[in-house]
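The structure appears right after this line, and notes come after that.
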Amino acid sequence: MDYQVLILPPARKDFEKLPKHDQARVREALAAFPQSPRPPGCLKLKNSPYWRVRVGDWRIIYRIDDAARTVTVARIRHRREAYR
């Protein structure tokens, strides 16, 4: 059974601000979440319930709820701003 992907409003705004070529790459990564919320290269953030996946210089910060089968995307940030 696939996971449902929920994109919070701040992440949606972050996505809309991305350059068009980066939007396509991030969209591909988000499209893979229903089948694989923990893709190769993802990392659980220390002292946090969030995970991150790298897409070039961008980081998708998200939370996984295995019981509800949901992936909630919190932010899409540039790597220099992602962990602040």
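Each value in this text was obtained by applying a stated rule to the coordinates, not by laboratory testing. No experiment lies behind these values; they were computed from the predicted model shown. So basically every Cβ, Gly included, is an ideal-geometry build from the backbone, and we count neighbours across all protein chains shown.
Can you name the residue in segment 1-39 that is within 13 Å of the chain's Cα centre (by Cα) and among the aromatic types (Phe, Trp, Tyr) and is also farthest from Asp57 (Cα to Cα) among such residues?
Phe33
So, in segment 37-74, of the ones that are farther than 11 Å from Val5 by Cα and of a type in the set (Ser, Thr, Tyr), which residue ends up surrounded by the most Cβ atoms within 10 Å (Cβ to Cβ)?
Filtering first and then ranking leaves Tyr50.
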